[in-house]
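Nothing in this text is a laboratory measurement; each read-out follows from the coordinates by a stated rule. No experiment lies behind these values; they were computed from the predicted model shown. Quick reminder, even Gly has a Cβ in these numbers, built from the backbone with ideal geometry, and neighbours come from all protein chains shown.
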Amino acid sequence: MYQMTVNESDWKRFRAKLPGWQNAYMQRLLDEYAELIARPGEPSDKFWALEKRIWNDKKSVGVVAHMSRSYMYLNLISLLGDEVITLDDLKDFSDDLREKLAFVNRDL
């Protein structure tokens, strides 16, 4: 299996930024859950819709990430794909990393 080399400064930056990205994403999810709950309808329907959303959302890297260097690029691709972050959020990262992710992101 091919692994991309992760430079030390990108790894440190990723570890520093991920908790903030995750908190912002989880706040967005909580706001969406509140809207779901506030809709008119049967409480049981809203409960089960919320349970399904949480079940799916908790699998996102925006909620929980496998923290290892070998997963950093995959985590970033997932964060971009789930719209947890944008390419603009990566402006402090290396040119190499941003170029690779911009290439992959065009197909997401």
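Things worth noting here:
- Shape class for the stretch 56-99, computed from the alpha carbon gyration tensor (a ≥ b ≥ c): oblate, with a/c not under 1.5 and a/b at or below b/c.
- Its relative contact order, with pairs defined as Cα atoms under 8 Å and 6+ residues apart, puts the chain at 33 percent.
- Estimated from helices alone, the mean residue ellipticity of the chain at 222 nm is -20500 deg cm²/dmol (sum of -39500 (n - 2.57) over DSSP H runs with n ≥ 4, per residue).
- For the stretch 83-108 versus the stretch 1-74, the inter-centroid distance based on Cα atoms is 18 Å.
- Acute angle (nearest 10 degrees) that the helix 95-105 long axis makes with the longest principal axis of the chain, alpha-carbon atoms: 40
- Cross-link pairs beyond the 30 Å C-alpha cut-off, checked among K58/K91; K59/K91; K52/K100; K17/K100: K52/K100
- The GluC sites (Glu not before Pro) found in the stretch 30-102 that occupy coil by DSSP, while having at most 16 further C-beta atoms within 10 Å, are E83.
- A simple spin-label model places the labels of R98 and L30 3.2 nm from each other, with each point 7 Å out along Cα-to-Cβ.
- When the chain is reduced to its Cα atoms, the Kirkwood hydrodynamic radius in Å: 15.3
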